[in-house]
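Some notes on the structure that comes next.
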Amino acid sequence: MSLYENLICPICKNSLRKEGASLKCERGHSFDFAKSGYINLLNPGKKNNAKAGDSREMIRARSLFFKTGCYARIRDTLSSLVASLEPRVVIDAGCGEGYYTSKIASDCRGAMVYGLDMSKHGTEHASKVDRADGITSTLYAVSNIFDIPLRDGCADVVVNAFAPVASEEFCRVLRSGGYLIICASGEHHLEGLKRKLYTQVYLNEANEHKYEGFELIDHKTLSYKTTIEGSEAIWALFQMTPYYHRTSLEDKAKLEGLSSLTTEVEVDFFILRRL
Ligand SMILES: C[S@@+](CC[C@H](N)C(=O)[O-])C[C@H]1O[C@@H](n2cnc3c(N)ncnc32)[C@H](O)[C@@H]1O
Ligand SMILES: [Zn+2]
């Protein structure tokens, strides 16, 4: 089976077939592959807010930070969780710049892995990296995870890391008995960063992740301390967080000149089974 066979037209929901550098449906809707290999499957007729996807700067910041290796344990834990389920089809919903997606593709031999994100900067980055690394089992599509361009019941696993939870769509694309793995900030995640920024530090809110059509079967927490070296990497981490947009200039200035930062990393993995 080829990577294209699970894709559906975002406009009429019919199958897509590959013709040269495009995918086409029987009603003549056509979508072109970008040079880097990703495809834009946003429904042009819908008011997709392209700005909802992460900007080039956000994607750049994330890949710069990931290079420090400080999140490698999150990536490895997530990927081995997925690999233990021996999936044939995986969807990474809100894949960003593909940091977790490509590791999952490397660890899940023979699986087809779809990386979906509203940000074309993210999917472009991910496609380029996978091409350079010789990974051929991934396909990245600019798409809205609330309107996924994939067939009903085609997926064995949906991964959703630090991204909006579109539980109804995840339910639709998962086969019965398939798994949804949600990766979310734990209560103490990045507390060290918050201590630098704010005088009063609040814990992150815990979410139960209960969704219709799913049963929660397991919950694991990964927590460790990490030290980020260099002001550029510290700033990149800050840019990745929701705090970046809600912190005053005065508080932001507290990170200036900081060359090393030690912080808690705490991530919750929720494993849900589709009923
Ligand atoms: C915090 S980032 C996490 C990215 C990646 N999973 C990671 O952990 O590195 C959230 C991502 O969700 C994407 N996103 C937000 N809303 C979306 C939507 N409705 N459809 C697709 N992607 C969306 C953003 O573009 C962004 O790349
Ligand atoms: Zn169509």
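The values are calculated or read from the model by the stated rules, or taken from the named source; none is laboratory data. This structure is a prediction, so every number in the text was calculated from the model and none was measured. Don't worry about glycine lacking a Cβ; one is built from the backbone with ideal geometry, like all the others, and counts go over all protein chains shown.
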### Message
Tell me which helices (runs of 4 or more DSSP H) are completely within the stretch 213-268 and hold 2 or more residues being touching a helix residue (DSSP H, G or I) at 6+ places or on another chain (Cβ under 7 Å) and modelled with pLDDT of 95 or more, or say none if there are none.
### Response
231-240
### Query
Of the residues ILE59, ILE39, which single one is more than 10 Å from ligand 1 (Cβ to nearest atom) and in contact (Cβ under 8 Å) with a residue 24 or more places away in the chain?
ILE39
### Task
Output yes when any residue across the stretch 217-233 is in contact with a Lys or Arg (Cβ under 6 Å, 6 or more places away or on another chain) and more than 16 Å from ILE74 (Cβ to Cβ), and no when none is.
yes
### Task
Could you identify the single residue in GLU205, GLU264, GLU212 that is of a type outside the set (Val, Ile, Thr), under 30 Å from SER84 (Cα atoms) and either buried (at least 17 other Cβ atoms within 10 Å of the Cβ) or within 20 Å of the chain's Cα centre (by Cα) (or both)?
GLU264
### Message
Of everything in the stretch 215-242, what is under 30 Å from ARG175 (Cβ atoms) and more than 23 Å from the chain's Cα centre (by Cα)? Give them in sequence order.
### Response
none
### Message
Could you check the stretch 49-91 and list, in sequence order, the residues that are at pLDDT below 95, surrounded by fewer than 16 Cβ atoms within 10 Å (Cβ to Cβ) and not basic (Lys, Arg)?
### Response
ASN49, ALA50, ALA52, SER55, GLU57
### Task
Return the total of residues in the stretch 126-167 being part of a loop (DSSP other than H, G, I, E, B), within 10 Å of ligand 1 (Cβ to nearest atom) and not acidic (Asp, Glu).
9
### Task
Return the pairs, sorted by first residue and then second, in which the second residue is in a loop (DSSP other than H, G, I, E, B) and surrounded by 12 or more Cβ atoms within 10 Å (Cβ to Cβ), the first residue lies in the stretch 8-28 and is hydroxyl-bearing (Ser, Thr, Tyr), the beta carbons are less than 9 Å apart, and the residues are 6+ apart or on different chains.
SER15/CYS9; SER15/CYS25; SER15/ARG151
### Criterion (within 16 Å of ligand 2 (Cβ to nearest atom), of a type in the set (A, V, I, L, M, F, W, C) and under 18 Å from PHE33 (Cα atoms)) met by exactly one of LEU150, LEU139
LEU150
### Message
Can you go through CYS183, CYS171 and tell me which one is in contact with a helix residue (DSSP H, G or I) (Cβ under 7 Å, 6 or more places away or on another chain), under 20 Å from TYR114 (Cβ atoms) and at pLDDT 95 or above?
### Response
CYS183
### Task
Test LYS46 against the criterion of being at pLDDT 95 or above, more than 21 Å from ASP268 (Cβ to Cβ), within 16 Å of ligand 2 (Cβ to nearest atom) and of a type in the set (D, E, K, R), and give yes or no.
no
### Task
Search the stretch 1-31 for residues being at pLDDT below 95 and of a type in the set (Asp, Glu), and hand back the single one that is nearest to PHE146 (Cα to Cα).
GLU5
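Residue-wise test of (1) in contact with a Gly (Cβ under 8 Å, 6 or more places away or on another chain); (2) within 16 Å of ligand 2 (Cβ to nearest atom); (3) under 24 Å from MET240 (Cα atoms).
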{"position": "ALA132", "(1), (2), (3)": "no, no, no"}
{"position": "PHE146", "(1), (2), (3)": "no, no, yes"}
{"position": "LEU174", "(1), (2), (3)": "yes, no, no"}
{"position": "LEU180", "(1), (2), (3)": "no, no, yes"}
{"position": "LEU190", "(1), (2), (3)": "no, no, yes"}
{"position": "LEU193", "(1), (2), (3)": "no, no, yes"}
{"position": "LYS196", "(1), (2), (3)": "no, no, yes"}
{"position": "VAL201", "(1), (2), (3)": "no, no, yes"}
### Query
Before we move on, is SER80 touching a helix residue (DSSP H, G or I) at 6+ places or on another chain (Cβ under 7 Å) and more than 10 Å from ligand 1 (Cβ to nearest atom)?
yes
## Note on the structure
When the stretch 183-211 is checked residue by residue, the ones that are closer than 20 Å to ASP92 by Cα, out of contact with any strand residue (DSSP E or B) (no Cβ under 6 Å at 6 or more places or on another chain) and touching a residue at least 40 places away in the same chain (Cβ under 8 Å) are SER185, TYR211
